[in-house]
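What follows is a set of notes on a single structure, which appears directly below.
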Amino acid sequence: MEGILCLKKGKIFIGIAVALLATISLSACGKSANASSDGDVGRIQKKGTLVVGIISSNPPYEFHTSINGKDKFRGSDVKLVKAISKKLGVKYQLKQMDVDGLLPALQAKKVDMLVTSLSPTPERKKAAEFSNVYYKSTAAITVRKTDFKKI
């Protein structure tokens with residue numbers, strides 16, 4: 001659980017958060033004619049809100065929960081977004097998306113960055129800049145010992 005442990009180490013976490021913002025928000029959209037001279041970070045600070053695309057059904061990273069009857073986003077990725085927005089001195093807005101809509105939304109500038117479980121495949125790297133991987137997960141199948149030979 002490397003990624004979750006980093007959340008508890010303040011300076012490392014903030015460093016990762018800033019690196020994540022800097023690399024993903026300056027994605028492969030290139031320099032456009034209407035880009036701010038301050039860059040994307042300056043534009044976000046002037047706007048006052050960091051708009052972040054996430055997948056909301058991937059616990060413990062990002063998921064919905066009901067608190068006092070109100071739907072809330074929770075998880076380690078949400079904590080990361082909060083830390084980044086605090087460091088930038090802006091509010092944040094989370095936009096729930098399905099995985100197929102993440103990169104198109106980033107390219108169309110509907111979101112400033114993505115903070116979600118999205119592996120940097122060669123094809124995806126053509127569409128966006130990725131931060132260093134801050135959490136690696138592995139998949140495994142778990143079965144009862146008595147059923148193992150049957151599978």
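Taken together, the values in this text are just the output of simple stated rules run on the coordinates, not laboratory data. The model shown is predicted, which means the values in this text are computed figures rather than measured ones. As a convention, Cβ positions derive from the backbone with ideal geometry for all residues, glycine included, and neighbour counts pool all protein chains shown.
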FRET efficiency (residue 137, residue 105; Cβ distance; R0 30 Å; to 0.05) is 0.80
Checking rank on 83-96, 55-68, with mean other Cβ inside 10 Å and highest first, the result is 83-96, 55-68
So residue 98 and residue 47, fully extended at 0.36 nm per residue minus their Cα-Cα distance, gain in nm 15.8 nm
Could you give the nm distance between label points at residue 65 and residue 149, where each point is 7 Å from its Cα heading toward the beta carbon?
4.3 nm
Determine the sum of side-chain charges near residue 51: Lys and Arg each +1, Asp and Glu each -1, restricted to other residues whose C-beta is under 13 angstrom from that of residue 51.
+4
XL table 79/125; 86/126; 95/136; 72/95; 82/125; Cα-Cα > 18 Å flagged, in table order, is 79/125; 86/126; 95/136; 82/125
